[in-house]
Amino acid sequence: MSIFGSMTTAVLGLNAQSKALGHISDNIANSSTIGYKRVDSAFETMVLQSSQRLHEPGGVTAQPVFMNNIQGSLKQVQSPTNVAIQGQGFFSVSKINLQNSTNTLVQTQTGAVNASSVYYTRAGDFELDKSRYLVNSSGYALNGWLVDPVTGVLKKDQVAPVQVSSLIDKPVATSTIDLEANLPATPTPGKPIPDSSIPIFDSQGNPRTINFKWRQQADSSWRMVLDAPGSNTKPVDGTFSGNPATVTFGQNIAGQTAVAQVNVVTISGNNTNGQDNLRIGDVYTVKVNGTNYSLKITADNIGSIRTYSGLAGALANQINSASPAASVLATSSGQTIRVTAREAGTPFKLNTEVSSGTNTTNTIVAQTSTAATASAGEIDKFQFPQTQVEIGDSFTITVNGTPISYTVTAATYQSYSTVSDVVSQLAGKINQQLGTTVTASSAGNILSIQSNTANTNVTSSAAVTNSASAVNTLSSLPSVASVAGVRQSRTVTLTGTPGDIGTQYTLSINGTAVTYSTTGEEMTMEDITAALANKINANTSLPVTATAQGGVITVTAKTAASPTGTNTLTNDGAGNITFGGSTVDIGDTYSMTVNGQPYSLTITNANYGLYDTPAKLLNYFATEIVADGGTATVNGTGTVLATGDAAATVSVTDAAPAQFTLEQSAVAGQTPAHIGLTFGKTPETVGTLTNISTALVGTGTAVSAANQSAGSDANVTFTVDYGFGPQQISLNLGKYQKPGGLTQYAGEEINVSRLIQNGAPRGQFKDVVFGDNGAVMVNYDNGRSKMIARVPIITFNNPNALQRESGGVFLESEDAGKPNFNDPETNGAGAVVANSVESSNVDIADEFTKMIVTQRSYSANAKIVTTSDEMLQEVLGLKR
């Protein structure tokens, strides 16, 4: 080999390493480029002549090796339109400025595909441009199989740029409703099951509502009413002849007038010297239900009380003026107190007690007389040793045969309450009556009597009549027993079927009719009875009140009263007035005019005990007539009053009827149209839906399937019409005799776990995303999504032979083979991964390693050039 040949080989080496460095430089520069595929270098030797005896190397060349089939790492991003391929294959893209060019036929491995300006890339950072094409950062639009907007079929015979043109989503009319709920086996009594409702959509996309109304008719039987407001046709509509209804009377408890208890308290005691023996310090007590009403006799009040009658009046006042008010009223008459219960029918307990004051027995002791003298008459003296005097004590001094007495009275006791006062009073009375013959004087408890004539004697003596020492008494005897009032009551039982509309239940009280008409909202018979009872109570003019429990109403009189009788008074023309009737009633008024004088008596709770029989009543009138100077007597049977006035007039106003009368009637109403639901009771079917009946939907459109065997679909189909034609809806309640769907298990309230429908209103474009299997999905604000295209994955037999273009795209080449358009993950094609991009497959560390090797190789080739140059210099030096 010549020196020139070695130099030429070295230059070729420098050139090859320069190319390799260029590949490395390209790789490093694009290490962050999305979808970039690296270029490696392949060195190929050039040999001019080579044998065992001679070798003349010609140099080296560097060829690029494309790593298009090597996967770059996938990086997750937030953009929903960024997409990457996991595995082999490329995206089909078109130049943005050629999107509207005429389509050409692309020959593939499986046939021809209609496409326009087709390129291929791994750069999947697509975003929507202003024309709503999916364009990557290099400006290439994504191609895909488009969905026919009319048929909804994916057109795989051609690929075209994917453009989001469906900005409006057409409304979808509801056609199915799925309901999963548990109806309570034991609903809360009297509490309606809340309605369920679901919004649906008509053909125009208008929101509508389907309401579900629930009612339990029996343990495992329910009514379901479907209501579609605004629809010209109804799922259920109309009524049927209602179920029988009755009103029956039960026990009638007669009323009884309450009678006030009356006790008569009598004051008993002695009367001495015309004075009731009231004693200072006596305490008289009437105890009513444990409360004491007491009066103590004192020097201050004895003058106003004076007698047993006065004591009775004072005690009555004490009871009546008590605060808080006593449970009784008291009236006095003579030495008796009539104690009457304020509330008729409320009994009371009464006791009496007398605590007596100290009794004093008074005496008079004669003292030694002073004999008469020539200048003065005889003086007799009497001593009164005690200090206290009692009402009724009588002190008598007999002077010269004339008795002079002073009796202690209640009227004067406050002024003359001591023995000294008595002595003074006796002296005064002696001087008043015998002052011409004697003169009496008092000094404390000493009484002196002196003859007015000198040398004349006085004949005198003294005596005391003390009041009785016995203790006074209070005694109480019942006069009228307490009778508890009983209000008349009667039970009324209503029967019928809750849920029926217009069933009328009527009760007539004393001829006044009260009617309740059912609304269909009542859950139980107790609701119906309560409503009728409320209407009775709302009429305050009625003499009754009503309460409801279960299906029974109890009607009770407002007041307690016995049944009233009809009483009469008649004059036989001879003045004999006869009472006709058996009982005297509270509220009766009896009137008569005898001898021109009118008399009247109204029987009240307060006086009923005095006049509760015909005899007592007639005796009252007899007493009044005699008091006015007439004559009147009552016969032995107590039924005839003889007045002697043939012209006497009589009248009776009977008490108002105290007992009420009831009459009843019931009229069956209408059963509203409904869908019948039956749940199983056997161990195998308990709680599951076993039957749906649409026999009573009336003119409604609801229809249930004929096949209701175990496991078959439990559906109800109905038609609505909101002005855009019939719209059929299928209500899915699960499967017969299977858990799930609509059930009836334990609980007190309905529990809706799933209630959905498939309709949707008009939707506005929201965003575009990649779905499974490369689907391009458009999302709308109505919650719906629609596939507009699917991204094919294009594979080649030799992807490394594809022709590179700027922007990370490739063109088909003869060495690469024909493209094959595949669904993702089929025929060796990779998967489409959304929200991701593929990084370059460049390894920086590897590139730097190759760069070092290239640099050293380049330096070595340069050294050969310099060595060859030096050797040539030596050859040129040979000439010199």
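A few comments on the model shown:
- Residue among Asp654, Asp645, Asp628 that is out of contact with any Cys (no Cβ under 7 Å at 6 or more places or on another chain), among the acidic types (Asp, Glu) and under 30 Å from Gly511 (Cβ atoms): Asp654
- Within segment 217-255, restricting attention to residues that are in contact (Cβ under 8 Å) with a residue 24 or more places away in the chain and within 17 Å of Leu179 (Cβ to Cβ), the residue that is surrounded by the most Cβ atoms within 10 Å (Cβ to Cβ) is Pro235.
- Which listed residue is over 30 Å from Lys156 (Cα atoms) and part of a helix (DSSP H, G or I), from Met46, Met7: Met7
- Qualifying residue in segment 458-471 (condition: of a type in the set (A, V, I, L, M), touching a Gly at 6+ places or on another chain (Cβ under 8 Å), buried (at least 19 other Cβ atoms within 10 Å of the Cβ) and not in a helix (DSSP H, G or I)): yes
- Pairs linking a residue in segment 133-154 that is among the acidic types (Asp, Glu) to a residue that is surrounded by fewer than 22 Cβ atoms within 10 Å (Cβ to Cβ) and modelled with pLDDT under 95, with Cβ atoms under 9 Å and 6 or more positions apart or on different chains, are Asp148/Leu154; Asp148/Lys155.
- Single residue of segment 568-607 satisfying the filter (under 56 Å from the mean Cα position of the chain (by Cα) and β-branched (Val, Ile, Thr)) that is farthest from Arg342 (Cα to Cα): Thr583
- Checking Asn320, Asn301, Asn289, Asn270 one by one, the residue that is at positive phi and either modelled with pLDDT of 90 or more or hydrophobic (A, V, I, L, M, F, W, C) (or both) is Asn289 and no other.
- Note on segment 169-218: residues that are farther than 25 Å from Leu689 by Cα and either modelled with pLDDT under 90 or charged (D, E, K, R) (or both) total 4.
- All of (1) in contact with an Asp or Glu (Cβ under 6 Å, 6 or more places away or on another chain); (2) not in a loop (DSSP other than H, G, I, E, B) hold for Asp178 with one exception: (1).
- Of all residues in segment 210-248, those being over 29 Å from Glu748 (Cα atoms) and of a type outside the set (Ser, Thr, Tyr) number 6.
- Residue match in segment 847-857 (condition: in contact with a helix residue (DSSP H, G or I) (Cβ under 6 Å, 6 or more places away or on another chain), among the aliphatic types (A, V, I, L, M) and farther than 20 Å from Thr121 by Cβ): yes
- Of the set (1) among the small types (Gly, Ala, Ser); (2) within 34 Å of the chain's Cα centre (by Cα); (3) not assigned by TED's automatic domain parsing to the domain that holds Ile553, all apply to Gly711 but (2).
- Gly828 vs. criteria farther than 14 Å from Phe91 by Cα and within 60 Å of the chain's Cα centre (by Cα): no
- When residues of segment 34-62 are limited to those that are at pLDDT below 80 and among the hydroxyl-bearing types (Ser, Thr, Tyr), the one nearest to Ala801 (Cα to Cα): Ser50
Let's see how each residue does on (1) in contact with a strand residue (DSSP E or B) (Cβ under 6 Å, 6 or more places away or on another chain); (2) over 30 Å from Pro64 (Cα atoms); (3) touching a residue at least 60 places away in the same chain (Cβ under 8 Å):
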residue	(1), (2), (3)
Asn707	no, yes, no
Gln728	yes, yes, yes
Lys766	yes, yes, no
Gly783	no, yes, no
Gly808	yes, no, yes
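- Within segment 532-566, being modelled with pLDDT under 95 and in contact with a Phe, Trp or Tyr (Cβ under 7 Å, 6 or more places away or on another chain) holds for Pro543, Val544, Ala557.
- Those residues of segment 625-652 which are assigned to a strand (DSSP E or B) and in contact with a Pro (Cβ under 7 Å, 6 or more places away or on another chain), in sequence order: none
- For segment 489-525, a residue qualifies if it is β-branched (Val, Ile, Thr) and assigned to a loop (DSSP other than H, G, I, E, B), and the qualifying residues are Thr497, Thr503, Thr518, Thr519, Thr524.
- Subset of segment 304-325 [part of a loop (DSSP other than H, G, I, E, B) and either among the hydroxyl-bearing types (Ser, Thr, Tyr) or more than 59 Å from the chain's Cα centre (by Cα) (or both)]: Arg306, Thr307, Ser321, Ser323
The values are calculated or read from the model by the stated rules, or taken from the named source; none is laboratory data. Please read these numbers as outputs of a predicted model, since none were measured by experiment. Quick reminder, even Gly has a Cβ in these numbers, built from the backbone with ideal geometry, and neighbours come from all protein chains shown.
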